[in-house]
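Have a look at the structure below, then the notes.
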Amino acid sequence: MKILTIIGARPQFIKAASVSREIAKHTSLEELIIHTGQHFDENMSEVFFNEMDIPEPKINLGIAGQTHGMMTANMIAGLEPVFMEHKPDLVLVYGDTNSTLAGALAAVKLQIPIAHIEAGLRSFNLQMPEEINRILTDRISKYLFCPTTTAIKNLDNEGFRNHDCDVIFSGDVMQDSAIYYNKIADEKSTILSKLGLKKYILCTIHRAENTDDLQRLESIFEAINTLNQELDLVIPIHPRTRKIIEQKKIKCNAVLIDPVGYFDMISLIKNSELVITDSGGLQKEAFFFKKCCVTLREETEWVELVEEGFNMLAGFDKENIITSTHTMLNAHPDFNVNLYGNGHASQHIVLHLLSVLN
Ligand code: UDP
């Protein structure tokens with residue numbers, strides 16, 4: 001059975017690493033990886049394939065840096081002939097990027113079943129391009145693998161039980177990656193000594209709603225600069241955010257570094273005092289490594305983290321970010337709760353696919 005996996009952005013490489021390793025254990029499954037090219041810098045793409053032993057993509061479409069509509073359209077146009085040539089039994093897509101939606105649309109038009117990993121997540125904010133991608137991909141997928149019980153509930157509320165699809169609780173594949181690479185990261189990462197880091201807050205910012213709104217971005221950096229007077233802030237900065245802060249000459253006193261590979265990222269999370277982020281994946285990874293998180297958004301798809309007191313939504317208001325950071329630096333929640341399955345999500349997914357494809 002042939003599976004075509006469509007990936008293109010950093011979080012998808014991290015999710016695919018665990019699932020691809022699991023697929024490779026079954027000789028009846030053949031996986032071909034297609035990279036859309038959405039993320040292309042060495043430190044946004046290649047480093048993950050090398051570090052995490054992700055099989056080399058069969059094809060890289062090289063589609064990046066365009067408007068959302070143009071990018072999605074070009075990806076569909078690029079993927080369709082690939083699907084027609086390889087005739088997969090299944091197309092596998094991850095998360096909520098333009099690559100996810102393009103892969104799903106190209107597949108459904110050719111009547112190829114789609115498996116969506118990280119299905120059912122909702123922020124209920126249609127201003128986010130990711131929310132549109134999630135909803136549409138879920139609607140046309142055949143196998144919806146949900147990382148949380150909230151995701152299952154979301155799909156129930158949208159009537160998915162009446163659709164011709166399987167809604168499955170799988171747990172979170174990012175948790176599989178966090179568990180698998182944890183020890184390897186300890187051995188391989190040198191980032192802490194390289195940067196001379198001891199006590200610090202780890203911070204990432206890249207969501208369009210923050211970077212594309214100058215007032216918001218300035219407010220976030222004002223909070224960062226204030227907090228940085230108390231505790232070092234380290235920011236592996238996304239290329240898009242770097243470009244904007246340089247163009248708009250936004251002041252930043254924190255330690256700005258280029259994006260890091262996954263091993264360095266694990267080490268930076270594990271040894272931090274706290275995580276401040278607008279990333280989806282990083283909110284969960286903070287929890288996996290028993291760190292509290294302040295989220296630079298008004299809402300999150302990972303509501304259980306907020307409900308259980310591991311995460312605080314601070315939005316973009318300077319004072320709110322500072323107060324939330326102080327609150328979370330003093331919070332000591334009990335991290336021994338199971339929110340994302342048992343750490344075998346990838347195995348669960350692959351066994352399910354084997355049973356339905358056979
Ligand atoms: N990440 C990384 N290096 C970095 C920044 C992030 O390896 O410099 C990882 C992070 O640990 C997480 C994933 O990239 O696994 C999250 O990606 P991103 O924040 O770009 O996307 P999102 O999760 O918001 O979709």
message = Can you find, within the range 8-24, the residue that is farthest from the ligand (Cβ to nearest atom) among those that are farther than 16 Å from GLN175 by Cβ and in contact with a Ser or Thr (Cβ under 6 Å, 6 or more places away or on another chain)?
response = GLY8
message = Condition first: acidic (Asp, Glu), assigned to a helix (DSSP H, G or I), surrounded by fewer than 17 Cβ atoms within 10 Å (Cβ to Cβ) and out of contact with any Gly (no Cβ under 9 Å at 6 or more places or on another chain). Can you find one or more residues in the range 313-331 that meet it?
response = yes
ask   = If you take the residues in the range 244-265 that are away from the ligand (no atom under 15 Å from the Cβ) and part of a helix (DSSP H, G or I), which one is surrounded by the most Cβ atoms within 10 Å (Cβ to Cβ)?
value = ILE245
ask   = Taking the range 284-312, which residues are aliphatic (A, V, I, L, M), free of Cβ contacts under 8 Å to residues at least 60 places away in the same chain and either in a loop (DSSP other than H, G, I, E, B) or within 12 Å of the ligand (Cβ to nearest atom) (or both)?
value = ALA286
task = All but one of (1) in contact (Cβ under 8 Å) with a residue 60 or more places away in the chain; (2) in contact with an Asp or Glu (Cβ under 8 Å, 6 or more places away or on another chain) hold for TYR180, so report the exception by its number.
result = (2)
inquiry  = Quick check on LEU136: is it in contact with an Asp or Glu (Cβ under 6 Å, 6 or more places away or on another chain), modelled with pLDDT of 95 or more and not charged (D, E, K, R)?
reply    = no
ask   = Do you know which of the residues in the range 166-207 that are charged (D, E, K, R) and crowded, with 19+ Cβ neighbours inside 10 Å is nearest to VAL356 (Cα to Cα)?
value = ASP172
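Yes or no, residue by residue, for (1) in contact (Cβ under 8 Å) with a residue 60 or more places away in the chain; (2) buried (at least 16 other Cβ atoms within 10 Å of the Cβ); (3) among the acidic types (Asp, Glu); (4) within 16 Å of the ligand (Cβ to nearest atom):
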site	(1), (2), (3), (4)
PRO55	no, yes, no, no
GLY62	no, no, no, no
THR67	no, no, no, no
MET71	no, yes, no, yes
ILE76	no, yes, no, no
VAL82	yes, yes, no, no
GLY95	yes, yes, no, yes
SER99	yes, yes, no, yes
LEU110	no, no, no, no
inquiry  = Every residue in the range 269-283 that is near the ligand (Cβ under 8 Å from one of its atoms) and not polar (S, T, N, Q), please.
reply    = ILE269, ASP278, GLY280, GLY281, LEU282
remark   = Per the filter on the range 142-199, residues under 15 Å from GLY343 (Cβ atoms) and out of contact with any helix residue (DSSP H, G or I) (no Cβ under 9 Å at 6 or more places or on another chain) are LYS183
note = So the strands (runs of 3 or more DSSP E) completely within the range 64-176 holding 3 or more residues that are more than 18 Å from LEU32 (Cα to Cα) and not charged (D, E, K, R) are 143-146, 166-169
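The values are calculated or read from the model by the stated rules, or taken from the named source; none is laboratory data. What you see is a predicted model, and the numbers here were worked out from it, not measured in a lab. Counting neighbours? That spans all protein chains shown, and the Cβs are built from the backbone with ideal geometry, glycine included.
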